[in-house]
Each structure stands twice: as structure tokens, then as C-alpha cells.
1. For the stretch 10-39, which positions are of a type outside the set (S, T, N, Q), out of contact with any strand residue (DSSP E or B) (no Cβ under 7 Å at 6 or more places or on another chain), within 30 Å of A76 (Cβ to Cβ) and assigned to a helix (DSSP H, G or I)?
2. When both residues are 6+ apart or on different chains and their Cβ atoms are under 6 Å apart, which pairs have a first residue that lies in the stretch 108-122 and is within 10 Å of P92 (Cα to Cα), and a second that is part of a helix (DSSP H, G or I) and among the polar types (S, T, N, Q)?
3. If E99 satisfies every condition in (1) exposed (fewer than 14 other Cβ atoms within 10 Å of the Cβ); (2) within 20 Å of the chain's Cα centre (by Cα) but one, which is the exception?
Amino acid sequence: MPQPGYVIDSAAFAREGRHIDGEIEVRTLPRLADSLAGEQGRLRFSARGETGPEGKLYLDLETDGTLSLRCQRCLAQLEFPVVLRSRFLLVPPGAAWPEDELTDDRFDAIAAEHEQDLVALIEQEVMLAIPLAPRHDQCALPGPADDKEKVSAFAALAALKRDAH
């Protein structure tokens, strides 16, 4: 469900050069929930509309914050800084998608919508930015910390073989 105040008519927003700042609580982002270690945290965002050369409409989106992810190596919490700068070319309904603009890495093309949910757009951008398998740079694997308890897989197989005879 869109958060009040964060749904815009994207074409009018860009054409009029409007601007909006806001904060989103991480717990309100359902598609992101499975990637998080906890529901605490906020993402700050800023959205600006702009009319560019040749009358093209753009939406600039900046998102900052920190997410608590789960390290896939040690399973401990991992603080992941989010700093995103996205630029979107707004394609009017029924207009052909400009092929030459799609190869330009400075922006992505999206459909201009009368009810563009900024929170959903931010959630999508954050999901694309987080790693598939987040890991600390340095961490220990979960399990016994005492080296005496470590048993080689080959030693365990040899013991099984001895016991079977």
C-alpha cells in the first residue's frame, strides 16, 4: 500500500520541476524484508523532477541510509550502507521506448505514471543494489571455536571404514 504523500504524477512532477524529501521506515518495505536481519532503520530520499533537452522528462532519485543484512558466512548482522543516485527518463504512455536512450548508462527508462509510488521505486532500486549473498570482509564461520573439535572429513571417513570391518 503506497505511503501517503509519496505517490506522484511523475510527468507533471518532472514538467513542473517539483521536489520532495522524505523518510521511509525499512519495516514498511515488504519485498525487502527477506533480505534484512531486522526491521529497524530508515532510508532518507530526495526526488526531483526535471525537463531536459528536447523536452524529455526526468526523475532524479537519491536514497541514503543503512540496512541491517544477515552475513551469509557467519550469520551475524551486517551493516550495509545505502547510497543510491538514480536518474529515470520518463516515457509517456503509448510512446515508443527510445532504443538509443536504453543504451545510455546515465539513466534508466521507466513508464511515466499518473500514480507513481516513490516508495515502491525506492524499494526496487535498493533491492537491485544489495548483494545477493552479503558477507563481512572478515568473519569466522559458525561452529566450534576450539580447534581440537575440528575433525577432517577424510579422518571421519577413515574411522567409518575401520568401524565397518
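1. Within the stretch 10-39, R27, P30, R31, L32, A33, D34 meet the criteria.
2. A112/S10; E113/S10
3. All conditions are met except number (2).
Quick grid of which residues meet (1) in contact with an Asp or Glu (Cβ under 6 Å, 6 or more places away or on another chain); (2) surrounded by fewer than 16 Cβ atoms within 10 Å (Cβ to Cβ); (3) among the aromatic types (F, W, Y):
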{"residue": "R15", "(1), (2), (3)": "no, no, no"}
{"residue": "E25", "(1), (2), (3)": "no, yes, no"}
{"residue": "L29", "(1), (2), (3)": "yes, no, no"}
{"residue": "A37", "(1), (2), (3)": "no, no, no"}
{"residue": "Q40", "(1), (2), (3)": "no, yes, no"}
{"residue": "P53", "(1), (2), (3)": "no, yes, no"}
{"residue": "L69", "(1), (2), (3)": "no, no, no"}
{"residue": "R85", "(1), (2), (3)": "yes, yes, no"}
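Bear in mind that the values in this text are calculations on the coordinates, not laboratory data. The model shown is predicted, which means the values in this text are computed figures rather than measured ones. When we count neighbours, we look across all protein chains shown, and the Cβ atoms used for this are built from the backbone with ideal geometry, even at glycine.
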